[in-house]
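A.B. asks: Provided herewith is a single structure, encoded as structure tokens, for subsequent inquiry.
The values are calculated or read from the model by the stated rules, or taken from the named source; none is laboratory data. Remember, predicted model here, so these are calculated numbers, not experimental data. We place every Cβ from the backbone using ideal geometry, glycine too, and count neighbours over all the protein chains shown.
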Amino acid sequence: METQDLRFELDELGVATLTLDRPAALNAFSGPMGRSLAQAYRRCDEDDAVRAVVVTGAGRAFCAGADMSDAASTFRVDDAAAFSAAAVSFPAFRVRKLVVAAVNGHAIGLGLTLALQCDLRFFAREGKYGVVQVRRGAMPDAYAHWTATRALGLARAAELLLTGRTYRGDELEPLGIATRVLPAAEVLPAALALARDVAANTAPVSVALSKQLLWDASALAPDEVERRETALHRKLFALPDCVEGPVAFAEKRAPRWRGSVSRDA
């Protein structure tokens with residue numbers, strides 16, 4: 001897969017590592033980076049060889065946000081009809097695999113809203129973080145009004161999005177954004193360790209169906225959640241992995257999953 005401003009690696013366990021790759025610019029977001037990231041996410045979704053995904057940044061930052069090297073043109077839109085605030089046309093929450101953001105350093109503006117699209121987020125204690133667009137004459141993007149509200153609730157999402165203030169890593173856990181806050185050198189190894197555990201031990205179709213419902217659930221009434229859970233359980237119970245899981249556990253061995261996300265989810 002050809003990419004620009006992004007590296008794609010897939011290891012033997014099925015963990016895909018997507019690395020935002022403009023380290024000299026603190027991985028400031030570019031159009032090619034957005035297109036490459038969408039392409040990579042789509043491949044991760046469709047390819048059964050990919051079992052989990054980690055997204056991180058090259059160098060000392062995750063993503064410094066929009067490229068402001070030509071400050072006056074930062075928010076210029078040449079084709080208003082084609083413009084989308086989504087930034088990435090196939091976001092992380094559409095991927096039917098676990099997606100972990102290994103936020104190895106600064107994540108500002110779009111950098112943080114991209115991380116909010118992921119299922120789990122590990123942050124570097126030393127980094128600087130914020131959705132600062134309202135301090136630049138713009139507004140939050142990349143589905144942030146939805147992802148931040150889901151993750152934080154309305155009041156804390158309002159603090160994050162409407163004040164534009166920045167935070168240090170240790171402030172993120174009380175705010176509710178971070179799954180874990182770690183020293184920068186430990187962020188990527190910890191994210192990869194979790195992704196590899198998921199890749200090795202969880203049933204791929206189970207994760208795919210649960211993730212889809214998890215992201216949908218906040219818009220559903222309890223009775224609707226129950227109906228969806230029941231329908232998805234019936235689907236899973238008809239698959240051989242619902243036999244393999246308990247048998248592997250009883251026999252104290254690693255499971256041999258046969259379910260296919262592309263076929264069964």
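A.B. asks: Of all residues being of a type outside the set (G, A, S) and under 23 Å from the mean Cα position of the chain (by Cα) in segment 208-224, which is nearest to A52 (Cα to Cα)? Just the residue, please. Can you show your working first?
C.D. replies: Within segment 208-224, the first condition is being of a type outside the set (G, A, S), and the residues that meet it are 209, 211-216, 220, 222-224.
Still in the list and also under 23 Å from the mean Cα position of the chain (by Cα): 209, 211-216, 220.
Values: L209: 14, K211: 12, Q212: 15, L213: 17, L214: 17, W215: 17, D216: 20, L220: 26 Å.
Per the criteria, the residue is K211.
A.B. asks: So in segment 132-150, with the set limited to residues that are under 13 Å from A85 (Cβ atoms) and in a loop (DSSP other than H, G, I, E, B), which one is farthest from the chain's Cα centre (by Cα)?
C.D. replies: A138
A.B. asks: Note down all Cβ pairs under 8 Å where the first residue falls in segment 174-194 and is within 17 Å of V53 (Cβ to Cβ), the second is polar (S, T, N, Q) and crowded, with 16+ Cβ neighbours inside 10 Å, and they're at least six residues apart or on different chains.
C.D. replies: Here the result reads V187/T56; V187/N104; L188/T56; L188/N104; A191/T56; L192/T17, each pair linking segment 174-194 to a residue that is polar (S, T, N, Q) and crowded, with 16+ Cβ neighbours inside 10 Å.
A.B. asks: Of the conditions (1) at pLDDT below 95; (2) part of a loop (DSSP other than H, G, I, E, B); (3) surrounded by fewer than 20 Cβ atoms within 10 Å (Cβ to Cβ); (4) hydrophobic (A, V, I, L, M, F, W, C), A72 fails just one. Which one is it?
C.D. replies: Looking at each condition in turn, A72 falls short on (2).
A.B. asks: Going by the conditions given, is A80 crowded, with 16+ Cβ neighbours inside 10 Å and either of a type outside the set (S, T, Y) or in the same structural domain as E173 (by TED's automatic domain parsing) (or both)? Write out each step before concluding.
C.D. replies: On the way: crowded, with 16+ Cβ neighbours inside 10 Å: no; either of a type outside the set (S, T, Y) or in the same structural domain as E173 (by TED's automatic domain parsing) (or both): yes.
Judged against the criteria, A80 is not a match.
A.B. asks: Same structure again: Of (1) under 27 Å from N201 (Cα atoms); (2) surrounded by fewer than 24 Cβ atoms within 10 Å (Cβ to Cβ); (3) of a type outside the set (S, T, N, Q); (4) touching a helix residue (DSSP H, G or I) at 6+ places or on another chain (Cβ under 9 Å), A28 satisfies all except one. Which?
C.D. replies: (1)
A.B. asks: Does A248 fit the bill of being surrounded by 14 or more Cβ atoms within 10 Å (Cβ to Cβ), over 27 Å from L120 (Cα atoms) and more than 26 Å from the chain's Cα centre (by Cα)? Working first, answer last.
C.D. replies: Numbers: surrounded by 14 or more Cβ atoms within 10 Å (Cβ to Cβ): yes; over 27 Å from L120 (Cα atoms): yes; more than 26 Å from the chain's Cα centre (by Cα): yes.
Answer is yes for this residue.
A.B. asks: For segment 187-220, which residues satisfy the criterion of being charged (D, E, K, R) and surrounded by 16 or more Cβ atoms within 10 Å (Cβ to Cβ)?
C.D. replies: Step one: of segment 187-220, the residues charged (D, E, K, R) are 196-197, 211, 216.
Hits for segment 187-220 are R196, K211.
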